[in-house]
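**Student:** What follows is a structure written as structure tokens; I'll ask about it next.
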Number of protein chains: 2
Amino acid sequence: MKALATARKNEQPDCAPGEHRRKRPSAAVSAAALERAVRIFKALGDEPRLRLLAILAQGELCVSEIAEIDDDGLSTVSQRLRVLRSADLVSRRRDGQHILYGLADQHIGELISNALAHASEGLPARPSAAKKNRKKN
Amino acid sequence: MKALATARKNEQPDCAPGEHRRKRPSAAVSAAALERAVRIFKALGDEPRLRLLAILAQGELCVSEIAEIDDDGLSTVSQRLRVLRSADLVSRRRDGQHILYGLADQHIGELISNALAHASEGLPARPSAAKKNRKKN
DNA sequence: GCAATACTTCAACAAGTAGTGAAGTAATGA
DNA sequence: TCATTACTTCACTACTTGTTGAAGTATTGC
């Protein structure tokens with residue numbers, strides 16, 4: 001959310017790059033790939049949506065079924081699916097009166113299950129996180 | 001962003017779960033793991049942050065160096081690092097006057113490079129996005 | 001001690017986004 | 001044909017989040 005690039009940049013430091021280290025890394029990643037990855041991560045970064053994907057990983061479902069399972073409204077679920085669809089994470093096909101949604105791709109399923117497995121392990125040996133920032137007072 | 005759970009749920013459908021399919025999937029994922037995964041994805045779902053992580057994947061850097069590379073202000077970079085830190089994605093250690101940041105974990109590096117690789121391939125055979133889902137290979 | 005450097009935190013704003021009821025569209029069946 | 005079911009889209013509101021200057025904290029050097 002780049003809020004209008006105003007006058008000057010934030011305060012810049014005196015230490016130039018290369019002062020500390022000898023090698024200077026730069027962009028290094030394709031802008032397009034980065035943008036695409038961000039879109040995927042953004043879509044995955046919402047609990048209801050991620051849960052929905054985890055459910056769809058077990059098989060196709062129609063919108064009404066999802067709404068029932070999640071105990072959410074049709075409109076709500078539909079909007080969620082729209083976001084997932086615009087990030088190419090789900091597929092959609094009609095089956096009579098119903099529209100069945102599923103994971104777009106095996107790859108997506110792997111990405112999700114990897115992340116969930118990783119998250120269960122608790123990667124760094126830390127219980128919570130972001131906690132001890134309080135100045136003496 | 002559940003906007004105050006008002007009166008009734010959105011319009012519910014008439015077709016009960018089980019009407020279409022025989023198996024009914026439920027939660028299926030640990031709430032804690034899901035929450036944690038969401039926090040990670042949320043942190044990854046921002047271009048400047050993801051780029052920053054990709055840069056850190058090449059080695060530790062201090063805040064000033066990052067600010068210089070990204071052409072962003074110290075404050076801006078610092079806030080970004082705060083978000084990444086609170087999602088346990090980066091490590092931090094002091095080195096004299098400087099504070100060096102790096103990836104928290106090898107796992108994170110893999111997650112990112114996997115996602116970027118996946119994104120470069122363009123998983124569905126599509127140039128742009130949000131149009132039609134086609135499964136290839 | 002004091003000043004400088006390197007960062008962090010605060011506060012405020014702009015922009016983004018999720019949820020939702022109402023209204024709209026699409027397939028099916030009578 | 002019209003009604004019904006199953007969804008989607010619209011428009012709005014409430015909330016979240018990224019950026020930023022100013023002010024604060026921490027380490028080093030004099």
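**Student:** Counting only residues that are within 13 Å of DNA strand D (Cβ to nearest atom) and within 17 Å of B:GLN106 (Cα to Cα), which one in the range B:54-89 is farthest from the other protein chains (Cβ to nearest Cβ)?
**Tutor:** This residue is B:LEU84.
**Student:** Six or more apart or on different chains, Cβ atoms under 7 Å: show the pairs whose first residue is in the range A:65-78 and more than 12 Å from DNA strand C (Cβ to nearest atom) and whose second is open to solvent by 30 Å² or more (accessible area, probe 1.4 Å).
**Tutor:** What qualifies is A:GLU65/B:PRO17; A:GLU65/B:HIS20; A:GLU68/B:ALA16; A:GLU68/B:PRO17; A:ILE69/B:PRO17; A:ILE69/B:SER26.
**Student:** Quick check on my filter: what residues within the range A:82-125 are touching a strand residue (DSSP E or B) at 6+ places or on another chain (Cβ under 6 Å) and part of a helix (DSSP H, G or I)?
**Tutor:** Scanning the range A:82-125 gives A:LEU84, A:GLY109.
**Student:** List pairs: first in the range B:84-111 and free of Cβ contacts under 8 Å to residues at least 24 places away in the same chain, second of a type in the set (S, T, N, Q), Cβ under 6 Å, 6+ apart or cross-chain?
**Tutor:** B:ALA104/B:SER91
**Student:** How many residues, within the range A:61-82, are closer than 29 Å to A:ALA33 by Cβ and surrounded by 16 or more Cβ atoms within 10 Å (Cβ to Cβ)?
**Tutor:** Here is the first cut: in the range A:61-82, the residues closer than 29 Å to A:ALA33 by Cβ are A:79-82.
Right, trim to surrounded by 16 or more Cβ atoms within 10 Å (Cβ to Cβ) and you get A:80-81.
Residues meeting the conditions: 2.
The values are calculated or read from the model by the stated rules, or taken from the named source; none is laboratory data. None of these values were measured; they are calculated from a predicted model. Counting neighbours? That spans all protein chains shown, and the Cβs are built from the backbone with ideal geometry, glycine included. Quick note on the areas: whole protein, heavy atoms, side chains included, nothing else; ligands and nucleic acids left out. Shrake-Rupley method; radii C 1.70, N 1.55, O 1.52, S 1.80 Å.
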